[in-house]
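Derivation of every value follows stated rules applied to the coordinates shown; laboratory data play no part. Treat the numbers as computed from the prediction; the structure is a model and nothing was measured. Neighbour counts run over all protein chains shown; Cβ positions are idealised from the backbone, glycine included.
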Amino acid sequence: MPNDSKVMRWSLILAAVIIVVRIVLEQMGAPDSVNNIFGVAWLYILLPVLFALGIRAHNAANPFRSLLKDVFLFALCTRVMVMVTYMLAWAFQWKPVRFAYPGGTVGENVGVLSGLFLIPLRNLLIWIVMATVLGMIIGSITLLLKRKGSAPAPSGQ
């Protein structure tokens, strides 16, 4: 699929921009209601639809396998980017709530090993699984609907 890498590349660029914007907003003290708008989690709902539409447009031989590959790679890459932000949060002791212990890496109970490796790795693995499952559900529904919607209508005789 020639368009596949283009969609993935622009999706990852968008995710990186969203991550940077959110960090800047959090450090400036923006309210959580604003910060939550700038999260890559929204992309796990939207992008599987784009991936599925691209797969259907190119008539992939194994559409569900292609979808799984795209969704998993996107989740992996974005979660690695987010993992780095949690490592930086520990190093610089950032104050936003999402970095606070026990879910985050900032707090009195968080040592070097936990703050730089264990907690970010745990979050990475949990989010990759959740994003892949969610993306496969949404993308599969899109694949199935697109197939049904593109089938020729039976003639009425």
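With a cut-off of 14 Å between beta carbons, the residues surrounding I55 carry a summed charge of +4, where Lys and Arg count +1 and Asp and Glu -1.
Less than 5 angstrom separates the built amide H of V106 from those of A100, Y101, all sequence-distant by 5 or more or on a different chain.
A cut-off under 12 angstrom between Cβ atoms defines the neighbours of I128, and their net charge, with Lys, Arg +1 and Asp, Glu -1, is +2. Taking each residue as 0.36 nm, the span from I13 to I126 lengthens on full extension beyond its C-alpha to C-alpha distance by 38.4 nm. On a 0 to 90° scale, report how tilted helix 119-150 is relative to the longest principal axis of the chain, with both axes built from alpha carbons and the result rounded to the nearest 10. Tilt of helix 119-150: around 20 degrees. Distance between Cα centroids, region 59-114 to region 1-50: provide it in whole Å. Cα centroid to Cα centroid, the span is 13 Å. Taking only the Cα atoms of region 2-150, the radius of gyration and Dmax are 17.2, 57 Å. Calculated [222 nm] ellipticity per residue, helices only, for the chain: -24000 deg cm²/dmol; basis is -39500 (n - 2.57) per DSSP H run with n ≥ 4, divided by all residues, nearest 500. Once you've got the GNM for the chain with C-alpha springs shorter than 10 Å, pick whichever of M81, M28, M130 has the biggest mean-square fluctuation. Per the Cα network of the chain with a 10 Å cutoff, M28 tops the list. Mind pulling the angle between the C-alpha long axis of helix 43-57 and the longest principal axis of the chain? Nearest 10 degrees, somewhere in 0 to 90. Computed tilt is about 30 degrees.
Rounded, prolate or oblate for region 1-40? Axes are the square roots of the Cα gyration tensor eigenvalues, ordered a ≥ b ≥ c, and the cut-off for rounded is a/c under 1.5. Judged from the Cα gyration tensor, region 1-40 comes out prolate (a/c at least 1.5, a/b above b/c).
For region 69-79, the Karplus equation 6.51 cos²θ - 1.76 cosθ + 1.60, evaluated at θ = phi - 60°, returns couplings of 4, 5, 5, 5, 4, 5, 4, 4, 5, 5, 6 Hz by residue, with Gly and Pro reported as x.
If you take all other residues with their beta carbon under 13 Å from the beta carbon of N35, and give Lys and Arg +1 and Asp and Glu -1, the sum is +1. Pairs of Cα atoms nearer than 8 Å and 6+ residues apart set the relative contact order; for the chain it is 28 percent.
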